[in-house]
């Protein structure tokens, strides 16, 4: 008996050892596989985004740009058209229908659905096609690891599942569902249920019908294939499948199913005419967009959900466009001639209106803000006048030799059409816009240095680094734009206080925080004294009101006082009028981008007058605030004196101003060979409008017998800029 037991034990022992070995081996292999799998899993999930960091799945939101009324939409800038909403702002048909279609056990699983995975494996193995991603996984894929969306690998799936599990531990189901509904792609550039509802059906997510909700629910599975605009038949078929899912999951009744299935798609697609999201006033709005991008970044502007209130006044902008269109419609301009203008509130810096050319759609070039600018012509003489007054030179009692020609350092300067104005006060000199007088003023004879002119111009708001201290600076040979000139002239309107131009008034972020606020305008800085500003303004009023002035056509019919200066570049290629009232400062430019042809000097004045008349309608008529005279230098002596003044010259000038402005051949440059150019020099006196012109101008009197003084040679001649 004992012997048989021992024999059995002897047989069993090797079997147990073998079994134990097998079990241990399998366990070791499993442990090894587990360790390897865990190591691989750990490696794959090591650099996952932190789901506790809300910024990891912040939604890209569009930036809205508004006019100064806070309601007129100028632009919507976005990479993805998205309008986030809360669960109470969404139709229950969307909520329940999405769950029924995309993830029917959404409220039961913890981020991944094992039952769904098994079913998907079986369906796919038997020739069908079915996915197993839960709503949570889809949200993770669309946000946290969106850069891996096209990486169809097991590694990405593992990362997606791990993040979904983590997300479910932090957020409740309704929050996750709404994050999903606010991010999913509904085609046609719409991201989120609200944007889709507005785009396809012109309604809100809260007001979607059963059929509409089912149509939208069906799109994300394949946003192009089921796009109801591009593929209506596919969209209809997909909608009906969604309806059947809603029926089988008891979201809708049989009656609701039958009625909804019988409906057509009934789209009401909302498509806004836009250019890169810009709907209105493209020159100004693109300027705002570019300013935002330069101050912040493209990501912030196109994804940050900013609300930007701008300075533009829709009514004034319409007046500006009407004034420009009226000039175009007259048919007197060349087909490729363009008009640019900028209107600024001088007391705040707010840009109220802006026109950047004839057609924004052509090449989106904005002349009103162009960095290279256009030659300012005689409109730049205002800065020379201001520098002179600040230096203590009385414009009313200081006389300059305005005879022509004037040779300085081998260069000959002429007045427009070689008009010889004789001796004039500086106030009358700017009224007739004498080139020779102003050149004398900024050379040895006048004592106002070109550097001081540049310094004044930049103080007043040009902020232009390209200006060079040549005598020709006073003739406006360097490029500026209408925004710079409106801003600089606005400094005079504001009594010498300069406000930087403001296009952006307030910026609010997506959370409602105000991150920029210039609702009171830009900070004012007293850059010239109130007395100097007022003295200059009184002189510039004469450019419009004096019979010898070059801007009679700019006079406002209402009787509102205005001041300003005309400007014409070489061969009338650039025509300017920069003018202001106590309320507004506006600069207008007329010309051709290729510098071609000649233009009438009154075109810019006409646009300015028509715009300002409309813009100021309803405003009280105001005078410029009085200021006492600045302290003038009684010892100052110029190139001429009052004893040289001949009143007969005024009669000659008044006659010559009646010349037809359309034949103007102004020039802002001189012949470096020492002889005057055929066209003469820039001067706007030949373009002024006189109420009752004489039919035949009287002959010009013989010039004064006084010989022209010879210029003193300089040790190092100053170079002149090229044309």
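Restricting the search to the range 461-479, which residues are part of a loop (DSSP other than H, G, I, E, B) and within 28 Å of the chain's Cα centre (by Cα)?
Listed by number, the residues that qualify are 461, 462, 463, 464, 465, 466, 467, 476, 477, 478.
Could you run through the range 397-429 and say how many residues are more than 43 Å from the chain's Cα centre (by Cα) and in a loop (DSSP other than H, G, I, E, B)?
13
Which one of 543, 505 is part of a helix (DSSP H, G or I), in contact with a strand residue (DSSP E or B) (Cβ under 8 Å, 6 or more places away or on another chain) and either surrounded by fewer than 16 Cβ atoms within 10 Å (Cβ to Cβ) or modelled with pLDDT of 95 or more (or both)? Quick ask: steps written out before the conclusion?
Working: 505 fails: part of a helix (DSSP H, G or I).
Every option except 543 fails the conditions.
Among the residues of the range 197-212, is there at least one that is surrounded by fewer than 22 Cβ atoms within 10 Å (Cβ to Cβ), free of Cβ contacts under 8 Å to residues at least 12 places away in the same chain and outside any loop (DSSP other than H, G, I, E, B)?
No, the range 197-212 contains no residue that is surrounded by fewer than 22 Cβ atoms within 10 Å (Cβ to Cβ), free of Cβ contacts under 8 Å to residues at least 12 places away in the same chain and outside any loop (DSSP other than H, G, I, E, B).
Please give the number of the condition residue 394 fails out of (1) outside the structural domain of residue 531 (by the TED database); (2) surrounded by fewer than 24 Cβ atoms within 10 Å (Cβ to Cβ).
So the condition that residue 394 fails would be (1).
Give the residue that is nearest to residue 627 (Cα to Cα), with candidates limited to residues of the range 480-507 that are in contact (Cβ under 8 Å) with a residue 40 or more places away in the chain and over 26 Å from the mean Cα position of the chain (by Cα).
Here the residue is 495.
Out of 69, 103, 96, 113, I need the residue that is modelled with pLDDT under 90 and either farther than 30 Å from residue 290 by Cβ or touching a helix residue (DSSP H, G or I) at 6+ places or on another chain (Cβ under 8 Å) (or both). Which one?
On the way: 69 fails: modelled with pLDDT under 90; 103 fails: modelled with pLDDT under 90; 96 fails: modelled with pLDDT under 90.
Being modelled with pLDDT under 90 and either farther than 30 Å from residue 290 by Cβ or touching a helix residue (DSSP H, G or I) at 6+ places or on another chain (Cβ under 8 Å) (or both) holds for just one of 69, 103, 96, 113, which is 113.
How many of the residues in the range 164-196 are at positive phi and surrounded by fewer than 22 Cβ atoms within 10 Å (Cβ to Cβ)? Walk me through how you get there before you give the answer.
The first filter runs over the range 164-196 and keeps only residues at positive phi, leaving 187-189, 192.
Of the ones still in play, those that are also surrounded by fewer than 22 Cβ atoms within 10 Å (Cβ to Cβ) are 188-189.
Count: 2.
For the range 293-301, does any single residue satisfy the condition of being in a loop (DSSP other than H, G, I, E, B) and surrounded by fewer than 16 Cβ atoms within 10 Å (Cβ to Cβ)? Working first, answer last.
The initial filter retains those residues of the range 293-301 that are in a loop (DSSP other than H, G, I, E, B), namely 296-297.
Right, trim to surrounded by fewer than 16 Cβ atoms within 10 Å (Cβ to Cβ) and you get 297.
Yes; the residues of the range 293-301 include at least one that is in a loop (DSSP other than H, G, I, E, B) and surrounded by fewer than 16 Cβ atoms within 10 Å (Cβ to Cβ).
Of the conditions (1) at pLDDT 95 or above; (2) assigned to a loop (DSSP other than H, G, I, E, B); (3) surrounded by fewer than 22 Cβ atoms within 10 Å (Cβ to Cβ), residue 511 fails just one. Which one is it?
Result: residue 511 fails condition (1) only.
Inspect the range 440-460 for any residue being within 21 Å of residue 531 (Cα to Cα), within 25 Å of the chain's Cα centre (by Cα) and surrounded by fewer than 24 Cβ atoms within 10 Å (Cβ to Cβ) and give the result as yes or no.
Scanning the range 440-460 turns up at least one residue that is within 21 Å of residue 531 (Cα to Cα), within 25 Å of the chain's Cα centre (by Cα) and surrounded by fewer than 24 Cβ atoms within 10 Å (Cβ to Cβ).
If residue 460 passes every condition in (1) out of contact with any strand residue (DSSP E or B) (no Cβ under 9 Å at 6 or more places or on another chain); (2) at pLDDT 95 or above but one, which one does it miss?
For residue 460, the failing item is (1).
Just need a number here: residues in the range 72-97 that are within 16 Å of the chain's Cα centre (by Cα) and farther than 17 Å from residue 276 by Cα.
Narrowing the range 72-97 to residues within 16 Å of the chain's Cα centre (by Cα): 72-78.
In the following step, the residues that additionally are farther than 17 Å from residue 276 by Cα were identified as 72.
Number of matching residues: 1.
Look at the range 82-119 and say how many of its residues are part of a helix (DSSP H, G or I) and within 12 Å of residue 134 (Cα to Cα). Spell out how you get there, then give the answer.
Going through the range 82-119, the residues part of a helix (DSSP H, G or I) turn out to be 87-89, 92-102, 114-119.
Then drop every residue that is not within 12 Å of residue 134 (Cα to Cα), which leaves 98-102, 114-117.
Of the residues in that region, 9 qualify.
The values are calculated or read from the model by the stated rules, or taken from the named source; none is laboratory data. Please read all numbers here as calculations on a predicted model, not as lab measurements. Methodologically, a virtual Cβ is constructed for each residue, glycine included, from the backbone with ideal geometry; neighbour enumeration extends over all protein chains shown.
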